[in-house]
Amino acid sequence: MNLKLALRLLVLAFATVVIQQAAISQISIFGVSADLGPLVVMSVGLLAGSMAGAITGFGTGLLVDLVLVQTLGVTSLLYIAIGYWSGRLRELRDPAHGLVPLALGAAVTAFAGLGMALIQFLLGVNAPVSLLLFQQIFITVLVNSLIALPVFAIVRRLIRPTLPDDPRRRRRRAYTTGGLSPLSRPSERLGPIPRSSTR
Amino acid sequence: MHDKQVRRRRAILGVLVGVSLILLTAYFGESSSSPLHTVQRGVVEVLSPVQEGASKALKPVRDVAGWFSDTLSAKSRSDQLQRQVNTLRAQLAHAQAAELQNRQLTKLVGLDNALGIESYHAVAAHVISRDPTLWYATIEVDKGSDDGVHVDDPVIGDGGLVGKISTVDPTVSVVTLITDHSMAVAAQIQDAGGDTGVLVPAVGDPNQLLVQDLPQSGPFHEAVGQQVVTAGFKAGPLQSLYPPGIPIGQISSASESNLLNDGQVQVNPAVDLRHLDAVQILTKPHGGTERAQLP
């Protein structure tokens with residue numbers, strides 16, 4: 001991870017937490033608020049890889065816990081997993097479909113909601129498993145799905161100039177230069193076939 | 001080369017998870033004056049001007065979103081509120097008569113009314129950030145120890161009890177809401193019997209509170225709709241954190257089985273904790289009196 005990328009990720013994490021606390025969490029949609037944290041960490045993982053995702057997840061989670069005066073480490077733990085696995089998805093599958101951030105945004109929001117509930121219970125919050133809790137997690141997933149694509153686009157715009165190699169750019173470059181395209185003609189790519197090799 | 005990268009990645013992941021677990025364990029076992037808590041308060045103090053500025057700058061965005069949200073919900077609430085107005089009018093007539101009688105009796109008996117809300121010095125504060133999770137545990141306000149705020153000061157807003165101050169810095173404070181699992185408040189049901197119990201949150205359900213330890217008797221069907229207020233108590237040097245008579249909510253459900261088995265009823269909070277913009281902190285000198293932690 002280069003220094004420019006690290007700086008941008010630091011600013012991104014800080015801005016995410018401030019905007020989330022000062023504005024987004026005060027806007028209620030169907031009784032819940034959108035949660036930018038998992039979406040931003042997921043986007044970073046998907047764009048910059050598992051290590052950058054995990055480190056951004058740790059930093060963002062720690063900042064959330066510090067600002068909200070919560071038990072330190074809880075949100076970090078969840079966001080590390082989100083950032084790391086989003087990054088691994090990029091490294092192993094390199095998903096190209098435009099709706100991947102939407103699906104992944106829904107998945108990581110559900111993971112964050114259920115994970116937070118589980119950790120709260122493990123920490124001794126004596127609470128019944130409420131149907132409303134699951135209902136609210138479900139609505140949060142829907143709301144976050146709606147904003148997942150714009151959030152991904154913003155994060156991509158912010159950190160793309162510092163990324164060493166964006167898989168989509170690499171693929172586009174390969175296609176436009178004929179490097180990996182199945183439609184490219186061998187004669188143009190490889191040059192003239194020597195007559196001796198055909199004998 | 002590839003193996004080296006994999007090892008490096010796993011090492012970093014292990015370190016991050018390890019640090020998180022160490023922080024979690026250390027923080028969970030610490031007292032509120034320990035180093036991690038102090039660092040946390042320092043960060044809150046440093047970031048509070050930024051959050052305050054962002055909160056003010058982004059208010060128009062919140063207002064626009066809030067307008068759409070409120071318009072959608074206003075229609076459905078209109079009928080419900082009309083019914084409530086009719087009920088409250090009837091209750092008001094009873095209450096005014098009771099208040100008059102109460103004043104006369106208080107003068108007559110010479111009861112000590114020092115626990116009234118007037119004896120607390122209310123400090124108005126703006127909400128500058130809030131917990132975005134479904135647990136709705138805390139909000140942060142822009143008044144602190146410089147304004148006379150202390151830890152455990154009660155916080156009210158929007159016509160009801162909001163919570164209490166849990167962390168104080170010179171310019172900001174953190175309010176633990178009544179929906180937080182650590183909260184418990186001595187509550188009184190405003191029925192003929194004036195039954196008292198302990199109000200606790202239904203954790204994970206921000207729209208519900210529970211009054212527990214109620215007497216296991218009474219006409220159950222009449223309980224629904226009754227107002228629940230802070231009980232307030234004074235026993236020697238100890239007194240409740242909350243003055244008596246602050247509205248907490250309204251009983252929403254009181255099943256016979258719950259009341260008989262657990263002595264509990266469900267309460268809808270009077271305050272919409274998700275939409276608080278301003279609160280009042282009831283500050284009070286602590287000299288001479290210790291205040292009970294719970295309830």
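Look at the stretch B:58-66: the mean tally of other chain Cβ atoms within 10 Å of its residues' Cβ atoms is 4. By the gyration tensor of its Cα atoms, with a ≥ b ≥ c the square roots of the eigenvalues, what is the shape of region A:1-74: rounded for a/c under 1.5, prolate for a/b over b/c, or oblate? It comes out prolate by the Cα gyration axes. Expressed in units of 2.2 N^0.38 Å, where N is the residue count, the Cα radius of gyration of region B:1-98 is 2.11.
3J(HN,Hα) couplings calculated from phi for region A:15-23 with the Karplus curve 6.51 cos²θ - 1.76 cosθ + 1.60 (θ = phi - 60°) are, in sequence order, 5, 4, 5, 5, 5, 4, 6, 7, 10 Hz; Gly and Pro show x. Here the extension length gained between A:Phe121 and A:Asp94 equals 6.2 nm, from 0.36 nm per residue of separation less the Cα-Cα distance.
Local charge for B:Val15 was computed over the other residues whose Cβ lies under 14 Å away, with Lys and Arg +1 and Asp and Glu -1, and equals +4. All other residues whose Cβ lies under 14 angstrom from that of B:Val39 are scored, Lys and Arg at +1 and Asp and Glu at -1, for a net of -3. Per residue of peptide B:9-18, the mean number of Cβ atoms on other chains within 10 Å of the residue Cβ is 5.
Averaged over the residues of A:74-82, the number of partner chain Cβ atoms lying within 10 Å of the residue Cβ comes to 4. For region A:3-164, the square roots of the Cα gyration tensor eigenvalues, ordered a ≥ b ≥ c, give a/c of at least 1.5 with a/b greater than b/c, which places it in the prolate category.
The numbers here are math on the coordinates, done by the rules we state, and not lab data. None of the values given here were measured: they were computed from a predicted structure. Note: ideal-geometry Cβ built from the backbone for every residue, glycine included; neighbour counts use all protein chains shown.
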